[in-house]
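The values are calculated or read from the model by the stated rules, or taken from the named source; none is laboratory data. Treat the numbers as computed from the prediction; the structure is a model and nothing was measured. Cβ atoms come from the backbone with ideal geometry, glycine included; neighbour counts cover every protein chain shown.
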Amino acid sequence: MNQEKYELVITAEQVVSTDGRFNMDDLGAGNNYKTLDAYFKRADGQVIRRSYNKSEKRNTNQTMPRIACQVFENSIAGLSVEEKENFPICKYTPKDDVIRGIFTSVSEFKKQRNTIEFLIYRYDNGRQFVLYCWNIFSTIVFVQECLRRFGAAGDQFVLVYREKEKKEADELEQQESCAGEKPAQTFKGYLNPYSATIIASKNVIFRGAPGTGKSYLAREIATDIISNGYFDDYTLLSEEQKKQIEFVQFHPSFDYSDFVEGLRPCINEDGSMGFCLQDGVFKRFVARARKNYEDAQKPQEAIEKDLSVQEAMADFFAELDWGKDAFETVRGNTFYIMSADDRHINISVPGNDAIDRLSLNTFAVRRLLEAEKTFDKVRDITDFFGKKNPTQGHSYEFAIYKAIMDRRKKQPQVKAQQQELKKYVFIIDEINRGEISKIFGELFFAIDPGYRGRAGEVSTQYANLHENPEDKFFIPENVYVIGTMNDIDRSVDSFDFAMRRRFRFIELKADEQLEALSSLQNEDLIDEAGRRMAALNREIAQVDDLNENYQIGAAYFLKLKSLDFDQLWTDYLQPLLQEYIQGMYDEAGIMKKFADAYGYGKASKEDADEVPQD
């Protein structure tokens with residue numbers, strides 16, 4: 001996966017890209033690229049970014065020309081009709097004709113070019129510019145012409161982009177038409193403005209009304225962070241990158257053993273049932289992050305040594321004929337290795353009258369191989385582990401150690417590179433629905449952003465059952481936690497205060513997540529959904545016992561991909577709102593006001609025709 005980002009700079013005189021393949025004679029190549037960021041930079045260094053409508057998607061193929069329209073709006077509007085119609089927009093190759101024209105309506109645009117490849121820039125209470133736009137390079141000529149006619153010496157546009165992944169390249173390009181009022185967030189290397197907040201705060205909880213897209217936003221931010229601002233679509237991550245994100249949903253039955261560690265039923269070697277200590281989802285995740293964090297601090301020599309040990313053990317067990325290859329202890333006891341994993345090496349000792357099955361510690365064998373010394377006898381191992389007397393397993397561990405060492409000496413030296421420090425994001429959906437103190441236990445201390453790393457190490461509840469009881473648990477610096485919670489959920493009242501001060505709480509209001517409506521891919525449908533949603537939420541806010549936390553989020557309106565407005569009301573919104581006002585005075589009157597505000601029963605045949613079928 002190529003994750004290189006390119007920067008293209010447009011001035012009145014030239015267009016230069018850090019991608020050596022870029023050529024102004026082949027602007028059609030823009031089909032293969034995706035916008036990450038775009039901005040206008042004045043000669044004095046001032047940066048101007050695009051203003052957004054609340055329902056507008058960020059960083060599309062239209063971002064750069066929209067900034068040009070925004071910056072030079074008055075100058076473009078002041079052109080004569082003839083000058084607008086002859087304004088150069090695009091010239092794909094030297095052999096192609098120049099595509100021209102800034103029009104005042106879609107119908108006027110389509111008289112010249114009957115295509116859906118256009119953008120609409122609205123301004124001044126109903127007026128608009130309509131011009132051709134398709135891939136991210138298709139308006140370079142337009143932007144450069146704006147600089148020549150209206151810009152000052154030294155002004156420039158900057159476009160940051162990357163190659164599309166296969167999934168993106170296979171999808172049909174969708175035309176996006178938006179307008180702008182709200183100032184954009186400052187770009188800091190990530191696609192989502194909240195990503196930098198997560199990095200700075202370590203622990204963040206998104207709270208708000210149902211349907212505001214909190215869970216979707218959390219996964220989008222996690223993807224943005226893991227890919228270093230390359231994309232925010234989780235499905236585009238590699239399998240290795242997906243291991244840097246974990247998702248769990250809390251519920252009343254979720255507890256410490258699910259999250260940290262606990263005794264779980266397991267099957268013993270003899271087939272009987274027993275209990276063994278198993279790590280929970282968060283502890284397993286932290287172990288991956290901690291290994292990366294520690295590996296990234298190691299010098300190259302130490303990394304090569306670790307890899308050498310890992311490869312030696314992996315090759316040894318891979319070539320083993322389980323249960324058939326015989327090994328001998330110093331005293332001549334024959335044994336066979338039956339199975340092995342990251343925790344245990346299970347052996348069979350047929351000649352032992354006391355016990356014929358034994359489970360050895362894989363970690364202990366690894367520590368012997370990683371040690372800076374050679375072990376010549378069993379007593380050396382006993383001393384290494386700080387024991388007064390040898391245990392039953394030391395003789396067998398010594399025999400396996402010798403067998404791997406003999407094989408390792410014949411292997412070529414492993415070459416390795418310095419490990420890259422990666423970020424790991426843990427998402428807790430519905431964090432308030434679990435009993436926080438029961439789930440986190442002593443991790444209240446370790447999860448505090450001020451006590452990341454060994455400064456916050458703690459002994460877990462089952463430390464005495466660990467392979468090394470002295471080992472402490474801590475959360476490394478490269479772990480970030482995102483939680484989500486609905487403000488109206490009754491369980492919010494019992495959310496632990498000790499946990500509250502360890503998280504930064506960010507409210508997502510219903511009208512701030514309208515960007516999600518852009519996936520409806522129909523401008524009229526998007527506008528109508530936004531209008532009805534706003535009207536309904538205004539009416540909800542008028543009810544004395546309700547507030548903004550009860551308003552309806554945009555996620556509900558995404559169901560319009562397969563439903564019409566009346567079906568959305570009867571099947572989803574009406575039951576939810578009835579639950580909100582149950583027991584209030586004049587429930588029927590309140591519901592009628594909600595229905596009228598939403599426009600239930602007023603959906604026209606045009607509305608139904610516009611809804612894409614599933």
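Restricting to region 302-322, give me the number of residues that are among the hydrophobic types (A, V, I, L, M, F, W, C), surrounded by 14 or more Cβ atoms within 10 Å (Cβ to Cβ) and under 29 Å from Met338 (Cβ atoms). Reasoning before the result, please.
Of region 302-322, the ones among the hydrophobic types (A, V, I, L, M, F, W, C) are 302-303, 307, 309, 312-314, 316-318, 320, 322.
Within this subset, residues satisfying the condition of being surrounded by 14 or more Cβ atoms within 10 Å (Cβ to Cβ) are 302-303, 307, 309, 312-313, 316-317, 320.
Now restrict to residues that are under 29 Å from Met338 (Cβ atoms): 307, 309, 312-313, 316-317, 320.
Of the residues in region 302-322, 7 are among the hydrophobic types (A, V, I, L, M, F, W, C), surrounded by 14 or more Cβ atoms within 10 Å (Cβ to Cβ) and under 29 Å from Met338 (Cβ atoms).
Given the conditions (1) farther than 30 Å from Gln241 by Cα; (2) out of contact with any strand residue (DSSP E or B) (no Cβ under 9 Å at 6 or more places or on another chain), report the number of the one that Gly20 does not fulfil. Here Gly20 clears every test but (1). Selection over region 268-296 of residues that are of a type in the set (Gly, Ala, Ser) and at pLDDT below 90 gives a count of 4. Here Glu168 meets each of (1) modelled with pLDDT under 85; (2) in a helix (DSSP H, G or I); (3) not assigned by TED's automatic domain parsing to the domain that holds Phe22 with one exception, condition (3). From the list Leu517, Leu546, which residue is within 20 Å of Lys57 (Cα to Cα), buried (at least 17 other Cβ atoms within 10 Å of the Cβ) and at pLDDT below 90? The conditions single out Leu517.
Residue by residue, here is whether (1) exposed (fewer than 14 other Cβ atoms within 10 Å of the Cβ); (2) more than 23 Å from Ile221 (Cβ to Cβ) holds:
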site: Val425; (1), (2): no, no
site: Asp429; (1), (2): no, no
site: Ser437; (1), (2): yes, yes
site: Leu443; (1), (2): no, no
site: Ala446; (1), (2): no, no
site: Tyr462; (1), (2): no, yes
site: Pro469; (1), (2): yes, yes
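Residues in region 175-190: is at least one of a type in the set (D, E, K, R) and at pLDDT 85 or above? Looking for residues that are of a type in the set (D, E, K, R) and at pLDDT 85 or above, one finds none in region 175-190, hence no.
Quick grid of which residues meet (1) more than 30 Å from Asp279 (Cα to Cα); (2) without any contact (Cβ under 8 Å) to a residue 24 or more places away in the chain:
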position	(1), (2)
Asp325	yes, yes
His344	no, yes
Ser348	no, no
Ser359	no, no
Leu369	no, no
Lys377	yes, no
Lys387	no, yes
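Taking region 53-113 as the region of interest, the helices (runs of 4 or more DSSP H) fully inside it that hold 2 or more residues being crowded, with 21+ Cβ neighbours inside 10 Å and in contact with a helix residue (DSSP H, G or I) (Cβ under 8 Å, 6 or more places away or on another chain) are 63-71.
Checked against the criterion of being under 21 Å from Asn486 (Cα atoms) and out of contact with any strand residue (DSSP E or B) (no Cβ under 9 Å at 6 or more places or on another chain), the candidates Leu560, Leu546 yield just one match: Leu546.
Counting just the residues of region 201-217 that are touching a helix residue (DSSP H, G or I) at 6+ places or on another chain (Cβ under 8 Å), of a type in the set (Ser, Thr, Tyr) and surrounded by fewer than 22 Cβ atoms within 10 Å (Cβ to Cβ), which one comes out nearest to Ile431 (Cα to Cα)?
Taking region 201-217 as the starting set, the residues that turn out to be touching a helix residue (DSSP H, G or I) at 6+ places or on another chain (Cβ under 8 Å) are 201-213, 216-217.
This time we only want the ones that are of a type in the set (Ser, Thr, Tyr), so: 201, 212, 216.
Filter once more, keeping what is surrounded by fewer than 22 Cβ atoms within 10 Å (Cβ to Cβ): 201, 216.
On the way: Ser201: 17, Tyr216: 15 Å.
Ranking the qualifying residues of region 201-217, first place goes to Tyr216.
Taken as a whole, the structure leaves Arg407 outside the set of residues that are closer than 30 Å to Ile245 by Cβ, in a helix (DSSP H, G or I) and either within 44 Å of the chain's Cα centre (by Cα) or modelled with pLDDT of 90 or more (or both). Among the residues of region 345-372, the one identified as in contact with an Asp or Glu (Cβ under 6 Å, 6 or more places away or on another chain), crowded, with 18+ Cβ neighbours inside 10 Å and either in a loop (DSSP other than H, G, I, E, B) or of a type in the set (Lys, Arg) (or both) is Val349. Within region 34-43, the set of residues being of a type in the set (D, E, K, R) and modelled with pLDDT under 95 comprises Lys34, Asp37.
The residues of region 520-534 that are more than 26 Å from the chain's Cα centre (by Cα) and surrounded by 15 or more Cβ atoms within 10 Å (Cβ to Cβ), listed by number, are Asn522, Glu523, Leu525, Glu528, Ala529, Gly530, Arg532, Met533, Ala534. Within the span defined as region 373-391, every residue fails to be small (Gly, Ala, Ser), at pLDDT below 90 and not in a loop (DSSP other than H, G, I, E, B).
Among the strands (runs of 3 or more DSSP E) contained in region 219-301, which hold 2 or more residues that are crowded, with 19+ Cβ neighbours inside 10 Å?
On the way: elements: 245-249, 261-267, 273-279.
So the answer is 245-249.
From the list Thr382, Thr391, the one residue that fits, being in contact with a Pro (Cβ under 6 Å, 6 or more places away or on another chain) and more than 25 Å from Ala302 (Cβ to Cβ), is Thr382.
Applying a threshold of 6 Å to beta carbon distances and a minimum spacing of six or more residues, or different chains, the list of pairs starting in region 571-596 at a residue that is in the same structural domain as Glu539 (by TED's automatic domain parsing) and of a type in the set (Asp, Glu) and ending at one that is in a helix (DSSP H, G or I) and modelled with pLDDT of 90 or more reads Glu587/Ile581.
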